[in-house]
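Everything below concerns the one structure shown next.
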Amino acid sequence: PDGTINMLKGLGNIASLMRQAQQLSGKMQDVNDSLKAQRATASSGAGMVTVEVNGLGEVLKVTIDPDLIQRGDREVIEDLIPAAVNQAVAKSRQLHMEAMKTITTDLKLPGLDEAISQMTKGDPGGEE
């Protein structure tokens, strides 16, 4: 009889985990939709190159100062674009981490706070 009770408790735990997984999947889709709509921008070369990305880190727009193009300074352009892209992507990663924290606050998983802290290089609140 005790074995049957323990087995039924185990099945209840599995069912609970399955419900949580389904809820998490729905929340993840909502977060991805939200991140896709969010924007982060960064510039380099005193604004000569500006990059816009969404919260998923996808580059949406690159703007290069017409004077820079007119001067034909290819090397400078080639240096400024990656600098602006990297800054914009870093901002999008921060948006992503903040969004993930909103999902994971309801989850009670051992080590989750520490993992988030490692990813955000600070405390679980993201502050350094």
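Spin-label model, GLU114/THR102: points 7 Å from Cα along the beta carbon direction are separated by 2.8 nm.
The figure for LEU17 is an accessible area of roughly 110 square angstrom, using a 1.4 Å probe on the protein chains alone.
Can you sort THR63, THR104 by solvent-accessible area, 1.4 Å probe, largest first? Don't skip to the end; give the middle numbers.
Values: THR63 65, THR104 20 Å².
Output order, biggest surface exposure first: THR63, THR104.
Using a probe of 1.4 Å, the accessible surface attributed to LYS36 totals some 110 Å² when neighbouring protein chains are kept in position.
The values are calculated or read from the model by the stated rules, or taken from the named source; none is laboratory data. Everything numeric in this text was worked out from a predicted model, so none of it was measured. Quick reminder, even Gly has a Cβ in these numbers, built from the backbone with ideal geometry, and neighbours come from all protein chains shown. What goes into the accessible areas is simple: the full protein's heavy atoms, side chains included, and nothing from ligands, DNA or RNA. Shrake-Rupley method; radii C 1.70, N 1.55, O 1.52, S 1.80 Å.
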